[in-house]
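Input: one structure, supplied below.
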Amino acid sequence: MPPETAKLLFDMRNAAERIGRFVDGKTFDDFQNDELLRSGVERQFEIIGEAMSRLVKLDPALAQQISEYRKISGFRNALIHGYDSIDDETTWNIVTAKLPILLGELSELLPPSAAPPFPDAQNDPSP
């Protein structure tokens, strides 16, 4: 796998794992009432969506192996351009229903034990 492609997959996986850590033990009410939590989750979805948009251009066949890859890019666009109309319930449903699927697919494409492709890969300093 080319390093650029691997980096995008790593970035998506790292961002998805961060969301999982952010929401661990949280409820929808927690999410809705915590602007810092919402902002953190939304930022990671922006990263996932941007990396997916780049992957579609770089390796469309690989991107198509990820279910709803177009919706992932679309959600990023909605977060960026429709920031004032983002529905917390929709975001939470994506976190709880879609994110585990994405993580599973990314794990199949990029095994968890795989090392980052190069030092510029988005490193996650949190434990």
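Considering only the stretch 52-61, how many residues are crowded, with 17+ Cβ neighbours inside 10 Å and touching a Ser or Thr at 6+ places or on another chain (Cβ under 8 Å)? Outline the logic, then answer.
As a first pass, look at the stretch 52-61 and keep what is crowded, with 17+ Cβ neighbours inside 10 Å: 52-56, 59.
Checking the rest, the ones that are also touching a Ser or Thr at 6+ places or on another chain (Cβ under 8 Å) come to 52-53, 55-56, 59.
The number of residues fulfilling the criteria is 5.
Based on what the data block shows, is Ile19 within 14 Å of Phe75 (Cα to Cα), of a type in the set (Val, Ile, Thr) and surrounded by 14 or more Cβ atoms within 10 Å (Cβ to Cβ)? Talk me through it step by step, then tell me what you get.
On the way: within 14 Å of Phe75 (Cα to Cα): no; of a type in the set (Val, Ile, Thr): yes; surrounded by 14 or more Cβ atoms within 10 Å (Cβ to Cβ): yes.
Criteria not met by Ile19.
Spot the failing condition for Gln32; the list is (1) surrounded by 14 or more Cβ atoms within 10 Å (Cβ to Cβ); (2) touching a Leu at 6+ places or on another chain (Cβ under 7 Å), and only one is missed.
Single failed check for Gln32: (2).
Mind checking which pairs have a first residue in the stretch 51-78 that is over 22 Å from Pro3 (Cβ atoms) and a second that is of a type in the set (Gly, Ala, Ser), Cβ under 8 Å, 6 or more apart or different chains?
Short answer, once both residue conditions are applied: Gly74/Gly49; Phe75/Gly49; Arg76/Gly49; Arg76/Ser53; Asn77/Gly49; Ala78/Ser85.
Looking only at the stretch 99-127, which residues are hydroxyl-bearing (Ser, Thr, Tyr), more than 20 Å from Glu42 (Cα to Cα) and either modelled with pLDDT of 95 or more or not in a helix (DSSP H, G or I) (or both)?
Of everything in the stretch 99-127, just one residue is hydroxyl-bearing (Ser, Thr, Tyr), more than 20 Å from Glu42 (Cα to Cα) and either modelled with pLDDT of 95 or more or not in a helix (DSSP H, G or I) (or both), namely Ser113.
Residue under question is Ile66, and the condition is that it be surrounded by 14 or more Cβ atoms within 10 Å (Cβ to Cβ) and assigned to a helix (DSSP H, G or I); does it hold?
Taking the combined requirement at face value, the residue does not satisfy it.
Between residues in the stretch 28-49 that are more than 15 Å from Ala78 (Cβ to Cβ) and in contact (Cβ under 8 Å) with a residue 24 or more places away in the chain and residues that are among the acidic types (Asp, Glu) and in a helix (DSSP H, G or I), which pairs lie under 9 Å by C-beta distance while being six or more apart or on different chains?
As it stands, the answer is Phe28/Asp88; Phe28/Glu89; Phe31/Asp88; Gln32/Asp88; Gln32/Glu89, since those pairs meet every condition given.
Could you check, for the stretch 77-98, whether at least one of its residues is at pLDDT 95 or above and under 16 Å from Leu8 (Cβ atoms)?
no
The values are calculated or read from the model by the stated rules, or taken from the named source; none is laboratory data. Just so it is clear, the structure is predicted and the values come from calculations on it, not from any experiment. Methodologically, a virtual Cβ is constructed for each residue, glycine included, from the backbone with ideal geometry; neighbour enumeration extends over all protein chains shown.
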